[in-house]
Each structure stands twice: as structure tokens, then as C-alpha cells.
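J.: Below you'll find the structure I mean.
Only the coordinates and a few stated rules stand behind these numbers; no lab work does. Quick caveat: nothing in here was measured; it's all calculated off a predicted structure. With ideal geometry, Cβ positions are generated from the backbone for all residues, glycine too; neighbour counts draw on all protein chains shown.
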Amino acid sequence: MLGKRKKYWGVLSPVLVAVILAFLVRYFLFAHVVVEGHSMMPTLHNRDHMIISKISYKIWKPHRFDIIVFHATEKSDYIKRVIGLPGDIIQCKNDNLFVNGKKMDEPYLRPLKKVTEGPLTYDFTVKVPKGTVFVLGDNRHNSRDSRIIGPIPINKIVGKAELTFWPLSDFRIAK
């Protein structure tokens, strides 16, 4: 009887360890998310599958132009691009982005600017409050972002987009 118990434990213990490790990695380090909607096009597409780092912002602060996932409501998370950091003055004027008076290059918008008539982003000016970030979707005509929902508290950030892995044709490290 004791021999059988040792044999079963010898088989079950690696499985149990693997399950516990998978849970810890999923809960504390990384998560799989699926993009819903078109607000981040052309960078991300509806139904793209991504890996996000949940630990990034527990160690470092968000950086401008990071793509993040955050709790937008109690029931839904959004994925957007960080444009403004705490204390920044963000201005969009004549479809150009300025941060603290300096014009920013937004190469991820070039494909949309080529096919869109008129400006992608209407003019606005905002100061980003302490403890928050200002986010915009790359598809500025079709994005519920900080222009509508306001600045995002840093403690509401779930993680940083690291990798798009599905579909394989969209495989890339997030930028």
C-alpha cells in the first residue's frame, strides 16, 4: 500500500507543481488578453491575442507611448497608448501632438493619416493630474479614451502589452 502511494505521489507531484507555477505566473506576472474593437488600429486589430506583463508597473513607472491594459469600468478593461504622464501638458493642435510644448512624432498614425480625410484628432489641451496617465487609442476617430473617460489612475493599470502572438501574421513585440 505504501509503495502505491509513493508511486502516485511521484506522478502527481510534478503535475501539482506545474499547476501551482502556472497559477502564480498567470496571476502575478503575465496575462493573455484579446483585443476587442478597432480603437487601436492600425497597431492592433480586433481579436488580436496578446501577452501583457502584469509586473512591469509594480517595478517601473509607465513610459510615454507604452501600450497598456487598464480597468476602465468594473466589468471591462481597455487597451490604449500612454500619451501623457503625471504633470504633462498634452495638446493636440492641427492634428499634431505636443507634450509640454514639444511636438511628438507618432509614426503609428501614419497609415491612418494616409487614408483619412481631415484630422484624426480634434484640438484639445489637458494637464495630466498627479498619479494618472493620459491615454489615446491609435484609431482616434473610433476610441473611447482619456478624451472621454478622463485620465487613468496608475493603480488601475493591469499591465503593459509585450507581445502580439495571434494571428501569426500579426506576431510582433509591442511598440
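J.: Looking at the P(r) of the stretch 104-175, how many percent of alpha-carbon pairs lie beyond 20 Å? If you can, show how the numbers build up before the last one.
T.: Working: 1192 of 2556 pairs.
Tail of the P(r) past 20 Å holds 47 percent of the pairs.
J.: What residues have an amide H closer than 5 Å to that of W166, excluding those fewer than 5 places away on the same chain, when H is modeled at 1.01 Å from N in the peptide plane?
T.: Counting only residues 5 or more places away or on other chains, the set is H49.
J.: With label points built 7 Å along Cα→Cβ from the Cα atoms of H38 and I149, find their separation and express it in nm.
T.: 2.0
J.: Quick one: Karplus J couplings for the stretch 71-82, per residue in order, coefficients 6.51, -1.76, 1.60, θ = phi - 60°, nearest Hz, x for Gly and Pro?
T.: Values, residue by residue: 6, 7, 9, 5, 9, 9, 10, 10, 10, 8, 9, 6 Hz.
J.: Next question. Could you work out the relative contact order of the stretch 32-173, using alpha carbon pairs under 8 angstrom and six or more residues apart, expressed as a whole percent?
T.: Details: 292 pairs, mean separation 45.4, N = 142.
Computed value for the stretch 32-173: 32 percent relative contact order.
J.: Can you list residues from other chains, or at least 5 along the same chain, whose modelled amide H is less than 5 Å from the amide H of G159?
T.: Amide H neighbours of G159: V69.
J.: Please compute, for the alpha-carbon atoms of the stretch 32-173, the extent along each of the three principal axes and give them in descending order in Å.
T.: Here the Cα extents, ordered largest to smallest, are 36, 36, 25 Å.
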